[in-house]
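Step one of this worksheet: look at the structure below.
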Amino acid sequence: MPHLTLEYSSNIIEKDKLLSFFSECHAILATSLPANLASCKSRALCSDIFYIADGDSKHAFIHLDIKVMAGRSDETLQSTAHQLMELLNIYFEESMKKFQLQISIEISELGEFFLKSTR
């Protein structure tokens, strides 16, 4: 039941590709973690107000935050992160060419008091 949150600066070029990007992320998570595809949830948050380094408009950022249920090995999480970083580099290639783009990924485990309900 991974939760993905993609935060990005408003100057990112590839906004129209986000749904396709999430689809590929879900496929990676389903096979790599593994996770139930039906439980994967993604959202994108655009930051209109951001300040990177010296504030120059040549800077941009993308941060992918992934929350997963506990119990996976560090090797599994590391491998998954590397696959997702490769995907980010492919999807945001135009922005990488135009801006000094900083891309980061964080995978963390949900706390032991996490609850969910499905109807």
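The values are calculated or read from the model by the stated rules, or taken from the named source; none is laboratory data. Only a predicted model underlies this, so the values are computations on that prediction, with no experimental measurement involved. Please note: Cβ atoms are built from the backbone with ideal geometry, for glycine as well, and neighbour counts cover all protein chains shown.
With respect to HIS63, is the statement that it is under 11 Å from the mean Cα position of the chain (by Cα) and modelled with pLDDT of 95 or more true?
yes
If you check SER23, SER79, which single one turns out to be of a type in the set (Gly, Ala, Ser) and touching a residue at least 24 places away in the same chain (Cβ under 8 Å)? Spell out the reasoning first.
Working: SER23 fails: touching a residue at least 24 places away in the same chain (Cβ under 8 Å).
SER79 is the lone residue from the list that is of a type in the set (Gly, Ala, Ser) and touching a residue at least 24 places away in the same chain (Cβ under 8 Å).
Report, by residue number, each residue of the stretch 84-112 that is in contact (Cβ under 8 Å) with a residue 24 or more places away in the chain and assigned to a loop (DSSP other than H, G, I, E, B).
PHE92, PHE99, LEU110, GLU112
Return the residues of the stretch 1-36 that are more than 20 Å from SER104 (Cβ to Cβ) and hydroxyl-bearing (Ser, Thr, Tyr); say none if nothing qualifies.
Correct list: SER20, SER23, THR31.
Going by what's in this entry, would ALA81 be described as within 23 Å of ASN36 (Cβ to Cβ), among the aliphatic types (A, V, I, L, M) and over 16 Å from the mean Cα position of the chain (by Cα)?
Spelling it out, it is not the case that ALA81 is within 23 Å of ASN36 (Cβ to Cβ), among the aliphatic types (A, V, I, L, M) and over 16 Å from the mean Cα position of the chain (by Cα).
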